[in-house]
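Asker: Here it is: the structure, laid out below.
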Amino acid sequence: MDFLFSLMLFLHFVGLAVIIGTWIFTMKRPTVTVGQFWSAIVMLLTGLAMVAMREMQEGFEVNHMKIGIKLVILLVVAVAAFIGMRKTKRGEPVSTGLAHAVGGMALINAAVAVFW
């Protein structure tokens, strides 16, 4: 179970790295990529799996308020990434605010995880 949890955490970090790395890489000409959307989905699935594993673990108490806030932030990231991805696929310009919402909210999500 420890290995599975570590694997989920690793994949969660990879998803975060793709979202934030792409955001920083495209900062001069902000856009949203397909990879950012799928990374948000990976983060969502691995995050839910980690919470489920911790809930099943004897003697471990999950901070539901923190998880709820992180879930809401991640849903904002996923929806913004989906909208931006669709605009990119259609060849439409992605607004700067939408592109920065994806990366910035992912960064805020990481900050909540670390500092709370």
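The values are calculated or read from the model by the stated rules, or taken from the named source; none is laboratory data. Only a predicted model underlies this, so the values are computations on that prediction, with no experimental measurement involved. Glycine also receives a Cβ, built like all others from the backbone with ideal geometry; neighbour counts cover every protein chain displayed. Calculation scope for accessible area: heavy atoms of the full protein, side chains included, ligands and nucleic acids excluded. Shrake-Rupley method; radii C 1.70, N 1.55, O 1.52, S 1.80 Å.
Asker: Return one whole number: the accessible area per residue of the stretch 54-116 in Å², for a 1.4 Å probe.
Answerer: Details: 3970 Å² over 63 residues.
Ligands and nucleic acids excluded, the figure is 63 Å² per residue.
Asker: Something else: Mind jotting down the distance between the C-alpha centroids of the stretch 19-42 and the stretch 46-116, whole Å?
Answerer: Going from one Cα centre to the other spans 13 Å.
Asker: Output the relative contact order of the chain, whole-number percent, from Cα pairs under 8 angstrom with separation of 6+ residues.
Answerer: Numbers: 129 pairs, mean separation 39.5, N = 116.
Contact order relative to length: 34 percent.
Asker: If you project the alpha carbons of the chain onto the principal axes, what extent comes out on each, in Å, largest first?
Answerer: Reported extents, whole Å, longest axis first: 50, 23, 19.
Asker: If you don't mind, there's one more thing I want to ask. At 7 Å along Cα-to-Cβ for each site, give me the label-to-label distance between residue 26 and residue 75 in nm.
Answerer: About 2.4 nm, to one decimal.
Asker: Using a Förster radius of 41 Å, what is the FRET efficiency between residue 61 and residue 100 based on their Cβ-Cβ separation? Nearest 0.05, please.
Answerer: On the way: r = 35 Å, r/R0 = 0.86.
Efficiency, from the Cβ-Cβ distance: 0.70.
Asker: Could you rank 100, 12 by how accessible they are, 1.4 Å probe, largest area first?
Answerer: Numbers: 100 60, 12 25 Å².
Largest to smallest exposure gives the sequence 100, 12.
Asker: OK, next. For the stretch 1-85, which chymotrypsin sites (Phe, Trp or Tyr not before Pro) are in a loop by DSSP, counting at most 16 other Cβ atoms within 10 Å? Don't skip to the end; give the middle numbers.
Answerer: Details: sites: 3, 5, 10, 13, 23, 25, 37, 38, 60, 82; in loops: 60.
Those that pass, being in a loop and sparsely packed, are 60.
Asker: What order do 65, 53 take when sorted by accessible area (1.4 Å probe), most exposed first? Before the final figure, lay out each step's value.
Answerer: Working: 65 125, 53 20 Å².
My answer, sorted largest first, is 65, 53.
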